[in-house]
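The values are calculated or read from the model by the stated rules, or taken from the named source; none is laboratory data. Quantities reported herein were computed from a predicted structural model and do not represent experimental measurements. With ideal geometry, Cβ positions are generated from the backbone for all residues, glycine too; neighbour counts draw on all protein chains shown. The area values use the complete protein model at the heavy-atom level, side chains included, leaving out ligands, DNA and RNA. Shrake-Rupley method; radii C 1.70, N 1.55, O 1.52, S 1.80 Å.
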Amino acid sequence: MIILGLLFYYVNTNRIKAEEKLKFYSLLEGIIESTQSKIVVIDTNYNIISANTQYAKILKRTKEEIIGINFFDICPQQLSEYRDDLRNMINKAFKGEYGELLGYPLRENGEIRYHHITVTPLKISGEITGALITCDDITEEINLREQIKNYANQLEALVAKRTEELQTKKEKLSIIMQSVNSGICIIDEEGNITWMNSKMEELLQLFQRKTNTNKINLCELFSKIGDCLNPAQSMQFVQEIITNGQRKIFQVQTTPFKVADEKTNYICLIQDITELKLMEERIMQSEKLQALARISAGLAHEIGNPLTSISSYVQVLKEMDLG
């Protein structure tokens, strides 16, 4: 009786497990059939025990025709390197490890389509009985990534080209700025110098100002410049300064321009016009002397004519015997 009881218990237990497994497979088949992903379920011998219609379409068969066939005998991937990667991942799933492959190529209707493959251990009553393989078509995503990559490469090349062009223009502009025989600098709204050319550095040395200090204010050198920082238009003035016992005359022009945060900076063009002013003064003095000479000549002419007449009559009178 004990033996019969044990035998009945064993048979009944196996029957219950078989029924549970059948229910599980029926539920699993209903789930995998209702999804758009390509799904196939294999046992630990790589035999297909379930698959949905979407996966069967890849093989151009019905799902009933592929049940019981070894997965790798009808796997749509023909390249051995990809098959080996997939086999290794399935073997890891039999040991309870989850795995995935991104961009796995599968031939579908004569066209290579790229898929996201996931392999999940299949557990029934706590025991791993196989693996569930899911395939999601990501061809469009791969193509989009490739397009984005190509666009990024083109954009990077364009940026590099534009950067090179800007660098060339910057170098040319720097050469021009440094070769101009006038002081050029950029000042902020408070008059602090933020950039200057070499001629401006020479002018600062003339004012005994060190160019390596953190802050140099142009308003301290030219008192009139504060009234000429107009954000709406360019302004110009001439200022005479005594420096090192020398009289210097400078012409200063300020031109506004916008920078970040809508702040206004100014380009200042400073020219030493001392020699020009001295030349103008000499020319004016020369013109005055010329005018004086012309007046003197005219005056001598106007006085000389009557004196000549008087002198002639005096000579005549001298020759006459008037008693």
- Message: Using a Gaussian network model on the chain with a 10 Å cutoff between Cα atoms, which of ILE303, ILE133, ILE148 fluctuates the most?
- Response: ILE303
- Task: Hey, can you find the accessible area per residue of region 215-293 for me, probe 1.4 Å, expressed in square angstrom?
- Result: 63 Å²
- Message: Below 8 Å between Cα atoms, with a sequence gap of 6+, how large is the relative contact order for the chain in percent?
- Response: 9 percent
- Message: Considering only protein heavy atoms and a probe of 1.4 Å, how much of the accessible area of the chain is carbon and sulfur, as a whole percent?
- Response: 55 percent
- Message: Cut-off 10 angstrom, C-alpha nodes, Gaussian network model of the chain. Which of GLY183, GLY298, GLY126 fluctuates the most?
- Response: GLY298
- Message: Let me cross-check ARG83: its accessible surface, 1.4 Å probe, with only protein heavy atoms counted, in Å² to the nearest 10?
- Response: 50 Å²
- Message: Checking a compactness column here: for the chain, what do you get for Rg(Cα) / (2.2 N^0.38 Å), N being the number of residues?
- Response: 2.59
- Task: May I ask you to compute the full-extension gain from GLU262 to ILE310, defined as 0.36 nm times their residue separation minus their alpha-carbon distance, rounded to one decimal in nm?
- Result: 8.8 nm
- Note on the structure: For region 133-265 the mean separation of alpha carbon contacts under 8 Å (6+ apart) over residue count, i.e. relative contact order in percent, is 15 percent
- Note on the structure: At R0 = 30 Å the Cβ-Cβ FRET efficiency linking GLU64 and LEU102, nearest 0.05, sits at 0.45
- Task: Mind ranking LEU122, LEU158 by accessible surface for me, highest first, 1.4 Å probe?
- Result: LEU158, LEU122
- With helices defined as uninterrupted DSSP H runs, which ones in the chain have an alpha carbon span along their own long axis of at least 24 Å and mean Kyte-Doolittle hydropathy of at least -1.0? 2-33, 139-179, 274-319
- Message: Sorting check: for 43-55, 61-73, which peptide has the highest mean count of neighbouring beta carbons within 10 Å, and how do the rest follow?
- Response: 43-55, 61-73
- Message: On a straight-distance basis, which aspartates and glutamates could pair with LYS95 in a cross-link, Cα separation under 18 angstrom, same-chain partners fewer than 8 positions away excluded?
- Response: ASP43, ASP84, ASP85, GLU127
- Task: Enumerate by residue number the chymotrypsin sites (Phe, Trp or Tyr not before Pro) in region 172-258 meeting two conditions: DSSP loop (anything except H, G, I, E, B), and at most 16 other Cβ atoms within 10 Å of the site's Cβ.
- Result: PHE207
